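Before any comments, here is the structure.
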Amino acid sequence: MDDDGGNPMIEFAFHDLDYIPFGYGGTTAPYIETSGGTMRAAATLMCLGGDKVALTAGQEAATTVVCDLGCGDVIGLLSHINGLTKSISTANGVGIDYNAELINTAGINSKAAGVNAEWLIYDFNNDLDDLVDQLITTHQVTHVFIYLVPKQLALETVRNILTKLARSGVVLCCHKFFPLYLKPARRDVLMDLVVYDETSCEVVVSVALET
Ligand SMILES: C[S@@+](CC[C@H](N)C(=O)[O-])C[C@H]1O[C@@H](n2cnc3c(N)ncnc32)[C@H](O)[C@@H]1O
């Protein structure tokens, strides 16, 4: 028996790279709301939650924009990060999903939670409108949380997005499944989290040969 116990829903999960219904978790196709503990550990690993001194200085929180590539985990992250700072400035967020219903619910939940987040309906598998440019130039995103299956992480479009973000200095934090093309900068093995930054991209050094 495989790791998913032969659950027939697994086929739905990989049909057209979609996800299985909310509440199910497996090693090949997750769709479960990420736990508060994971969110706290992700914030710490991204140096957003564990360093109260940096946050109380105000500067860091004011310039922090956290994005969730796949909807609403940004709410938990922002609640946690902003709960740590004693300054009046707060971190902001951007949540992205191609599922309009999820985006709508996340918008309602973010208002209820009192966090400042923008919500984009966008398909990053196709990336028809240069997501990296939108995130960096328009939204000034500094940190991105990612919980996507390996098949999706391996897509050329997703690979380009993650690589360009890391190369631009955006800190990425992947949960459970990890892009093989980026070199981990830091890990939390217990919580299944890996952080990537600008040191994660392979630099090809070309040496000019003298004749
Ligand atoms: C494993 S869930 C992540 C859980 C999520 N971070 C949360 O808030 O609970 C993956 C999410 O990515 C979204 N997603 C999957 N493929 C996508 C795509 N190509 N473009 C945009 N969103 C996508 C799904 O709709 C789903 O909400």
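State all residues of the range 169-181 that are open to solvent by 10 Å² or more (accessible area, probe 1.4 Å) and among the hydrophobic types (A, V, I, L, M, F, W, C); if no residue qualifies, say none.
VAL171, PHE177, PHE178, LEU180
Output the number of the condition that ALA166 fails; it satisfies all remaining conditions of (1) closer than 24 Å to GLY37 by Cβ; (2) surrounded by 19 or more Cβ atoms within 10 Å (Cβ to Cβ); (3) of a type in the set (Gly, Ala, Ser).
(1)
Which strands (runs of 3 or more DSSP E) does the range 99-211 wholly contain that include 3 or more residues that are within 13 Å of the ligand (Cβ to nearest atom) and within 12 Å of the chain's Cα centre (by Cα)?
Qualifying strands (runs of 3 or more DSSP E): 143-146, 171-175.
Within the range 77-98, which residues are within 12 Å of the ligand (Cβ to nearest atom), open to solvent by 10 Å² or more (accessible area, probe 1.4 Å) and not in a loop (DSSP other than H, G, I, E, B)?
Listed by number, the list holds a single entry, ASP97.
Are any residues in the range 152-177 within 23 Å of LEU190 (Cα to Cα) and either touching a helix residue (DSSP H, G or I) at 6+ places or on another chain (Cβ under 7 Å) or without any contact (Cβ under 8 Å) to a residue 12 or more places away in the chain (or both), and if so, which ones?
Selection gives LEU172, CYS173, HIS175, PHE177.
Of the residues in the range 189-211, how many are open to solvent by less than 40 Å² (accessible area, probe 1.4 Å) and either modelled with pLDDT under 95 or of a type in the set (Asp, Glu) (or both)?
2
Which condition number does THR138 fail, the rest of (1) open to solvent by less than 60 Å² (accessible area, probe 1.4 Å); (2) modelled with pLDDT of 95 or more being met?
Condition not satisfied by THR138: (1).
The values are calculated or read from the model by the stated rules, or taken from the named source; none is laboratory data. These numbers were taken from a predicted model, which means no experiment stands behind them. Every residue, glycine as well, gets a Cβ built from its backbone with ideal geometry; the counts of neighbours run over all protein chains shown. Note: accessible area is taken over every heavy atom of the protein model, side chains too, but ligands, DNA and RNA are not part of it. Shrake-Rupley method; radii C 1.70, N 1.55, O 1.52, S 1.80 Å.
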